[in-house]
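**Q** Below are the structure tokens for one structure; questions will follow.
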Amino acid sequence: MKNYKTIIILICLLLIGEVYPLLAKESSQAAHIRIENRKICVNGKEFFIKGVAYALNYPKIKHYSQIPKEVIEKDFQLMEEAGINTIRTYRPLPDTMLDLAEKHNIMVIENVVYPGDWTDFNSIAELERLKSIAVRNVERHKDRKCILAWDIWNDAPFTFGKQGDSIRRYGEEKVNRFFEEIYKAIKDVDPYHPITGSNLGYRDESIRLGAGFLDILSYNVYVGIYDWLDGKFSREKAKETVQKFKEISLKYNKPVIIAETGYSSCLEGSTQGDAIQGQVRAVEGELAGIVIFEWADEWDKAGNPAELNNHIEEHWGIVDGYRNPKDGYYKLKETY
């Protein structure tokens, strides 16, 4: 009888050993992300992305590690107060920033690898290098409860890069297959989080790129803007653009987000706040989310990095470089 009890105990211990790692892996991910009916769901509830693009910058500072801690803390506090529920990054974030995201109930679409116009899409060695970078960054943060999705490229097919359009240089099939290999490498180590990649513009090749395998389709489109020369924002144009991307969502049966849109405050055709509010109103209820570009003005985008130049690229922030809210912040807060 004593031996019988011992055998039973050993069997139970073996079963626990098999089951516990599975339970631990599942429970370690506090936020359960699902894609259902072209919507993003977090913990069983539809999650509409009310986002902002978060580049780690500050006036006259060359590296984000030099930004004072209180500035970053203020960023997340102001974001939460504005109703922002998601930030989109252009690089992996330090753990201290993910801590702040969790503290302020903000989800993160984290960029984990950065191919661009400089990437050699013919190179197996280059592909393996990028896969390694992506996997390493995903493994580092995959158990963080603030992670909403991984982003594996931005602005493809890199039309405005120095090397030119990658699809026209390498062919659509090759670029698409290259990106899919990065996607698969991430899925092997983290099947729980959705993956996206952000494409630039309206071209058919841009719309198709990654659409067959990505979990969320993301497009960088400046909704409602006819012409940057006059800076005029049109609500009718915004509705037309959103309708086009709604049709893309239906075609591929996947959630679509506008991953980058906004209005530079140095333009005079409209006010930043009115344009941003119109962009959000056009997207809500139609797509899976919107990300406003961007959080803070960047002084190093054009001209002298030691001063704020009167150039469209340096005025996209809804707060200025020193984190003083602009009209765009207050209108976004009102809308979100």
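**Q** In whole Å, what three semi-axes, largest first, describe the equivalent ellipsoid of the stretch 60-180 built from its Cα gyration tensor (square root of 5 times each eigenvalue)?
**A** 31, 16, 14
**Q** Out of all DSSP beta bridges with both ends in the chain, state the antiparallel percent to the nearest 5.
**A** Of the beta bridges lying entirely in the chain, close to 20 percent run antiparallel.
**Q** Same structure, new question: Give, in whole angstrom and from largest to smallest, the semi-axes √(5λ) of the equivalent ellipsoid of the stretch 240-282, with λ running over the eigenvalues of the Cα gyration tensor.
**A** Those come to 26, 9, 8 Å.
**Q** From largest accessible area down, sort L93, L200; use a 1.4 Å probe on the protein chains.
**A** In descending accessible area the options line up as L200, L93.
**Q** Give me the percent of the accessible area of the chain that comes from carbon and sulfur atoms, probe 1.4 Å, all protein chains in place.
**A** After summing per-atom areas, the C and S share lands at 52 percent.
**Q** Quick one: grab the alpha carbon gyration tensor of the stretch 212-290, order the square roots of its eigenvalues as a ≥ b ≥ c, and give me rounded if a/c is under 1.5, else prolate or oblate depending on whether a/b is larger than b/c.
**A** prolate
**Q** Quick check: the distance between the Cα centres of the stretch 244-308 and the stretch 136-184, to the nearest angstrom?
**A** Going from one Cα centre to the other spans 20 Å.
**Q** Take the Cα gyration tensor of the stretch 42-109, multiply each eigenvalue by 5, square-root it, and list the three semi-axes largest first, rounded to whole angstrom.
**A** Those come to 23, 12, 11 Å.
**Q** Once you place label points 7 Å from the Cα toward the Cβ at I124 and D99, how far apart are they in nm?
**A** With each label point 7 Å from Cα toward Cβ, the separation is 4.4 nm.
**Q** By what distance, in whole Å, do the Cα atoms of the stretch 174-264 stretch along each of the three principal axes, largest value first?
**A** Per principal axis, max minus min of the Cα coordinates gives 47, 24, 23 Å.
**Q** Under 1.5 on a/c is rounded, so check that first for the stretch 123-235, then, if it is not, pick prolate when a/b is larger than b/c and oblate when it is not; a ≥ b ≥ c are the square roots of the alpha carbon gyration tensor eigenvalues.
**A** It comes out oblate by the Cα gyration axes.
**Q** Rolling a 1.4 angstrom probe over the protein heavy atoms, how many square angstrom per residue are accessible across the stretch 101-192?
**A** 46 Å²
**Q** Can you give the Rg and Dmax of the chain based on its C-alpha atoms, in angstrom?
**A** Cα radius of gyration and Dmax of the chain are 21.7, 89 Å respectively.
**Q** Under a 1.4 Å probe, what is the accessible area of the stretch 205-290 per residue, stated in Å²?
**A** In whole numbers, the stretch 205-290 has 38 Å² accessible per residue.
The values are calculated or read from the model by the stated rules, or taken from the named source; none is laboratory data. As the structure is a prediction and not an experimental result, all values here were calculated from the model. Heads up, the Cβs are rebuilt from the backbone with ideal geometry, glycines too, and the neighbour counts pull from every protein chain shown. Heads up: the accessible areas ignore ligands, DNA and RNA and are worked out on the full protein's heavy atoms, side chains in. Shrake-Rupley method; radii C 1.70, N 1.55, O 1.52, S 1.80 Å.
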